[in-house]
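The values are calculated or read from the model by the stated rules, or taken from the named source; none is laboratory data. Just so it is clear, the model here is predicted, and its values are computed rather than measured. Every residue, glycine among them, receives a Cβ derived from its backbone with ideal geometry; neighbour counts consider all protein chains shown. Quick note on the areas: whole protein, heavy atoms, side chains included, nothing else; ligands and nucleic acids left out. Shrake-Rupley method; radii C 1.70, N 1.55, O 1.52, S 1.80 Å.
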Amino acid sequence: MAEQIAEIGVVGAGFMGTGIAESAARAGVVVKVYEPQAAPLEHSREAIKVSLARAIERGRVTEEDATTLVGRIEWTTDLDALGGAELVVEAIVEDAEVKARAFKALDAVTRPEAVLASNTSSIPIAGLAAATGRPDRVLGLHFFSPVPVMKLVEVVIGLDTAQETVRRAEAFAAQIGKTAIKTKDRSGFIVNFLLVPYLMAAVRMYEEGFASREDIDEGMKLGCGHPMGPLTLCDFIGLDVLYSVCDSLYEEFKRDEYAPPPLMKRMVVSGHLGRKTGRGFYEY
């Protein structure tokens, strides 16, 4: 059985990176969160305080536990601070070149035995591994949003990922209370490979005037027992993020069901990205 991980690094203090940091800290893991600028780090710190305040209000944690949890997290603009991490999870923008540069930098500052993982939802792990001198210690750890609530992690096994690296990743997922499922390294992995065609079918249905947004969503909620309808889910994920995933899937498989409909492109360039901007398929 793999030993428990005592310290991790998280690159990216956005919504996903912050959620990963909170989940790990809840499980007793020391976390170093890195961003080159101070502002996102401060936003991340505040987001965790708000999350913990809600948990205290609901009786899920005590004030003492919340203070201890925050004390396990360090927010830093110094990449070298991640040097002691046994595992680093990258959770930055969904751009292959930007991620590859991050992996090259991490390869230089972390100890050789550290595992480097990407939270990518669609970018091939092989390209990220190739940016390092340790492709056997690189894999994907794809968390789901919101991370403190969602129990699933996809462990994405690259072409050169060692079995020991996979075991360590699965053990870490279990350590922080998640269920790991394993998938080969191909765009979309398991969940998005199945989810994206469904979401895009809903967008096309709405775009063509086949049904109203409300009826499309109600149909899937009441007819299939889904907790939210597909257009609401698109808004929740973020249309820019979803567009990137669609592009990646279409590039890899060249299948029409993965191509983002024209309406999505218009919405993204207009800044109608969903909940985070106050407007997507719905207004917030």
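Here are the numbers for the structure shown:
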| quantity | calculated |
| --- | --- |
| Inter-centroid distance (Cα atoms) of the stretch 246-284 relative to the stretch 1-37, Å | 29 |
| Prolate/oblate/rounded call for the stretch 149-284, Cα gyration tensor, a/c under 1.5 rounded | prolate |
| Computed over the chain: relative contact order in percent, which uses C-alpha pairs under 8 Å that are six or more apart | 14 |
| Net lengthening on full extension, Ala39/Leu222 (0.36 nm per residue, minus Cα-Cα) | 61.7 nm |
| Cα Rg, Dmax, the chain, angstrom units | 19.1, 55 |
| Cα-only radius of gyration and Dmax that characterise the stretch 68-227, units Å | 18.4, 55 |
| Within the accessible area of the chain (1.4 Å probe), percent carbon and sulfur | 54 |
| Loop trypsin sites (Lys or Arg not before Pro), the stretch 223-284 (other Cβ atoms within 10 Å of the site Cβ: 15 or fewer; DSSP) | Lys254, Arg255 |
| Residues of the chain: accessible area per residue with a 1.4 Å probe, Å² | 48 |
| Cut-off 14 Å (backbone N to label point 7 Å along Cα→Cβ of Glu3), residues of the stretch 20-46 | none |
| Two-site label geometry, Ala81 and Lys49: point separation in nm, points 7 Å out along Cα→Cβ | 1.6 |
| Spacing of the two label points (7 Å from each Cα toward its C-beta) at Ala180 and Ala108, in nm | 3.0 |
| Most mobile of Cys246, Cys224, Cys234 in a GNM of the chain (Cα contacts under 10 Å) | Cys224 |
| Which of Tyr284, Tyr206, Tyr258, Tyr243 is most accessible, then next, and so on - probe 1.4 Å | Tyr284, Tyr206, Tyr243, Tyr258 |
| Antiparallel %, DSSP beta bridges [both residues in the chain], to 5 | 20 |
